[in-house]
Amino acid sequence: MKNFISQGSTLTFTNDTGAPISSGSGVLLGTIFGVAASDIAENASGVLNLVGTYELAKAPSEAWSLGAATYWDNTAKHCTNVATDNTLIGAATEAVGGGATDTLGKVRLNGSFG
């Protein structure tokens, strides 16, 4: 097919966020969410992974259950189970406690937008 571009599992973009992006960090570009495949300097080209399962920063003191919808809080730069004012990015792949030190959760990205 002559109009095929890619499988859509990654996105190459220019980091115009105003700050460097660390490898493994969540990035929201409009309604597209991905995880940085490597460090991306400001104004440099980099790759976001749009699908897969990742361990990402989560809101502390927030418990997750297996399969719970997971959202990206672009202000706090972490995942949450709160939908209001946040972007759906996937689902929790395991339960995680709600203690103040429970700040990481495993998320399967849904690879869709908005």
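Using the structure shown, decide if Val47 is aliphatic (A, V, I, L, M), farther than 30 Å from Gly98 by Cα and touching a residue at least 24 places away in the same chain (Cβ under 8 Å).
Details: aliphatic (A, V, I, L, M): yes; farther than 30 Å from Gly98 by Cα: yes; touching a residue at least 24 places away in the same chain (Cβ under 8 Å): yes.
For Val47, the condition - aliphatic (A, V, I, L, M), farther than 30 Å from Gly98 by Cα and touching a residue at least 24 places away in the same chain (Cβ under 8 Å) - is met.
Give me the strands (runs of 3 or more DSSP E) completely within the stretch 1-99, filtered to those with at least 3 residues that are among the charged types (D, E, K, R) and either in contact with a helix residue (DSSP H, G or I) (Cβ under 8 Å, 6 or more places away or on another chain) or open to solvent by less than 40 Å² (accessible area, probe 1.4 Å) (or both), ordered by residue number. So that I can check it myself, show each step before the final result.
Values: elements: 10-14, 26-29, 32-36, 45-49, 52-57, 69-73, 78-80, 87-92.
Once the strands (runs of 3 or more DSSP E) in the stretch 1-99 are filtered for at least 3 residues that are among the charged types (D, E, K, R) and either in contact with a helix residue (DSSP H, G or I) (Cβ under 8 Å, 6 or more places away or on another chain) or open to solvent by less than 40 Å² (accessible area, probe 1.4 Å) (or both), nothing remains.
It is to be established whether one or more residues within the stretch 10-29 are aliphatic (A, V, I, L, M) and in contact with a Phe, Trp or Tyr (Cβ under 6 Å, 6 or more places away or on another chain). If you could, list the steps in order and put the result at the bottom.
Within the stretch 10-29, the subset aliphatic (A, V, I, L, M) is 11, 19, 21, 27-29.
From what is left, the residues that are in contact with a Phe, Trp or Tyr (Cβ under 6 Å, 6 or more places away or on another chain) are 28.
Yes, some residue in the stretch 10-29 is aliphatic (A, V, I, L, M) and in contact with a Phe, Trp or Tyr (Cβ under 6 Å, 6 or more places away or on another chain).
Take the stretch 1-18 and flag every residue that is among the small types (Gly, Ala, Ser) and either free of Cβ contacts under 8 Å to residues at least 40 places away in the same chain or under 19 Å from Lys106 (Cα atoms) (or both).
Across the stretch 1-18, the qualifying residues are Ser6, Ser9, Gly18.
Which of the residues that make up the stretch 63-114 are of a type in the set (Phe, Trp, Tyr) and at pLDDT below 95? Explain how you work it out, then say what you get.
Quick first cut of the stretch 63-114, residues of a type in the set (Phe, Trp, Tyr) only: 64, 71-72, 113.
Selection gives Phe113 alone.
Starting from the stretch 19-35, take each residue that is over 15 Å from Tyr71 (Cβ atoms) and list its partners that are outside any strand (DSSP E or B) and of a type in the set (D, E, K, R), counting only C-beta distances under 6 angstrom and pairs at least six apart or across chains.
Close Cβ pairs satisfying both conditions: Pro20/Glu42; Ser22/Asp39; Ser23/Asp39.
The values are calculated or read from the model by the stated rules, or taken from the named source; none is laboratory data. None of the values given here were measured: they were computed from a predicted structure. Every residue, glycine among them, receives a Cβ derived from its backbone with ideal geometry; neighbour counts consider all protein chains shown. Ligands, DNA and RNA are stripped out before the accessible areas are found, and what is left, the full protein with its side chains, is counted by its heavy atoms. Shrake-Rupley method; radii C 1.70, N 1.55, O 1.52, S 1.80 Å.
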